[in-house]
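Inspection log for the structure reproduced underneath, given as structure tokens.
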Amino acid sequence: MINGHGASAIDGASNRNRAGFSRSISSFTFVIFLYFLVDLFLHLSARIPGYGVIRPTLILVFIISTSLFLQREKVSGWSKDPVASMVLILIGYIFISLPLVEWPGSVLRNNLSEFVKAVVFFFFVALLIDSERRLKIFLFVFLGCQVFRVMEPLFLNITDGYWGSKTYLGHGEFSQRLAGAPSDVINPNELGFVIVTLIPFLHYLLWSNDFKYKLIYIFIMPPILYALILTQSRGAFLALLVIAFFIFKESNQRFRLILVAVVVSILGWSSMSSDQKDRYLSLIGKSETSNAATVDGRLDGIVREFSLGLERPIVGHGLGTTPEAKTHILGRRQASHNLYAELLIELGIVGTIIFLIFLSRVYKKLSMNRLSIESLSSDDFQFYRMLNKSMIAVFWMYVVYSLNYWGLSQYYWYLFGGLTLAFHNILSKNVVNGGAVAPVEPKYPLAQRFSRQVGK
């Protein structure tokens, strides 16, 4: 029923589960967390007059944090997990290195709060999602919010001609680009990021399900892809190729996928304006405008950012100080366009290594999940199987997208890390409780013999 590798992976996780992850945080706290997600991602403060005056996001973070503290006995031992420990090390390093960075005052005054807003996602997701039911509810709320963020500006574009942003083409010409809705302050690249985050989850969780979910998939996927075209986000387009690679690699119907890809490509290309076509052609140097140069300029900018990071290679300039460092050294204030350069600039080599170890441990969890799930023959674990596939695709998509996107003080890596940890613990617990593997310590001889018997 389960092979040796799968059993050992589950055993290791279940041992940690018994060491400190046997928890059930109150439903009240979980519901507040769900409201926190809706409030943050749908920007309720910008939609409801007077609502933002009470600082709802700050209040919600305080309520959730206080509730977790009061129920800390339910989650004792969580910090021993390798992924959680690296997040704590990262936080500790940022504070310990603060006196040594270039601009500690800027970190404290302007930048630390944004990092805190981002990193709380890891703890909230990892500690509050402790059952399959909560996992599914979280995915429904989170993905539902992201679908709304895509459909709202697309609807406004179709009905009122809304765009929200534009890009310079050269010779005084501009091209309209779809950004977030007026209440959702995200630029076209960020909207593209939301879209490519959605696609793997929707594909694996909906298309692999029964007929009604396939209908939902068929209904929402075309407008989402059309919205991606309108963003003119080249980074999002490259991220889409990463996702397509994973879908194609794991498919048993590759010829059908090729046909679908050809049809979608033809329809997508025919729906583009000449400016949109020109911008995407700039990826391969075929642009007829200055868009071709912008790709080379972006690469040159990344090189300059890494060079800037080497100005203070050990501890960096300080959290969130990339625009400041660019102003003082390069003469132009601009946010980073590359997470890895951002890490080097702000945290130095030491901080960069810590963050990359965090990412590697997140991926190790996903790999352990895959080994465990693949060893199970039961269709009862189909949801886990599809979710893990979608998360592996998202992980590598994030890795690629981070070449063109900042992220140290953005939520996405921390939310993803927390979700990976929560999912791993839920999978381990459910497999054990479902009788797929016995909760024994493999290091003891008797347990080893039992494990071998289970594996037959």
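The values are calculated or read from the model by the stated rules, or taken from the named source; none is laboratory data. Everything quoted here is computed from the prediction, not taken from an experiment. Cβ: placed from backbone, ideal geometry, glycine included. Neighbour counts: every protein chain shown.
A few points about this structure:
- Residues in segment 292-315 that are under 19 Å from Y405 (Cβ atoms) and at pLDDT 70 or above: 10 in all.
- Within segment 427-439, the presence of at least one residue that is modelled with pLDDT of 75 or more, surrounded by 23 or more Cβ atoms within 10 Å (Cβ to Cβ) and assigned to a helix (DSSP H, G or I) is confirmed.
- Unique residue being buried (at least 19 other Cβ atoms within 10 Å of the Cβ), of a type in the set (A, V, I, L, M) and either at pLDDT below 95 or part of a helix (DSSP H, G or I) (or both) when the list is V150, V141: V150
- Among the conditions (1) in contact with a strand residue (DSSP E or B) (Cβ under 9 Å, 6 or more places away or on another chain); (2) charged (D, E, K, R); (3) assigned to a helix (DSSP H, G or I), K166 misses just one, which is (3).
- Index of the failed condition, T167 passing every other in (1) closer than 30 Å to Y384 by Cα; (2) in contact with a Phe, Trp or Tyr (Cβ under 7 Å, 6 or more places away or on another chain); (3) of a type in the set (S, T, Y): (1)
- With respect to the conditions (1) surrounded by 22 or more Cβ atoms within 10 Å (Cβ to Cβ); (2) at pLDDT 90 or above, Y363 lacks only one, and its number is (1).
- Enumeration of residues in segment 223-263 that are surrounded by 13 or more Cβ atoms within 10 Å (Cβ to Cβ), of a type in the set (V, I, T) and out of contact with any His (no Cβ under 7 Å at 6 or more places or on another chain): I224, I229, T231, V242, I243
- Of the helices (runs of 4 or more DSSP H) lying entirely inside segment 231-291, those carrying at least 2 residues that are closer than 30 Å to K389 by Cα and either of a type in the set (V, I, T) or at pLDDT 70 or above (or both) are 234-250, 254-271.
- Within segment 208-236, considering residues that are hydrophobic (A, V, I, L, M, F, W, C) and farther than 18 Å from Q146 by Cα, the one nearest to the chain's Cα centre (by Cα): L215
- Qualifying residue in segment 121-137 (condition: of a type in the set (S, T, Y) and modelled with pLDDT under 90): no
- Which listed residue is loosely packed, with under 14 Cβ neighbours inside 10 Å, of a type outside the set (F, W, Y) and farther than 14 Å from L127 by Cα, from L40, L44, L70, L58: L58
- Residue check for M368: aliphatic (A, V, I, L, M), crowded, with 19+ Cβ neighbours inside 10 Å, assigned to a helix (DSSP H, G or I) and modelled with pLDDT of 95 or more: no
- Residue in segment 207-222 that is crowded, with 20+ Cβ neighbours inside 10 Å, in contact (Cβ under 8 Å) with a residue 24 or more places away in the chain, within 30 Å of D380 (Cβ to Cβ) and among the β-branched types (V, I, T) present: no
For every residue, the table says whether it meets (1) surrounded by 16 or more Cβ atoms within 10 Å (Cβ to Cβ); (2) aromatic (F, W, Y); (3) more than 23 Å from G320 (Cα to Cα).
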| position | (1), (2), (3) |
| --- | --- |
| M86 | yes, no, no |
| Y93 | yes, yes, no |
| I96 | no, no, no |
| R109 | no, no, no |
| F124 | yes, yes, no |
| L127 | yes, no, yes |
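- Qualifying residue in segment 113-122 (condition: more than 19 Å from the chain's Cα centre (by Cα) and either outside any helix (DSSP H, G or I) or in contact (Cβ under 8 Å) with a residue 24 or more places away in the chain (or both)): no
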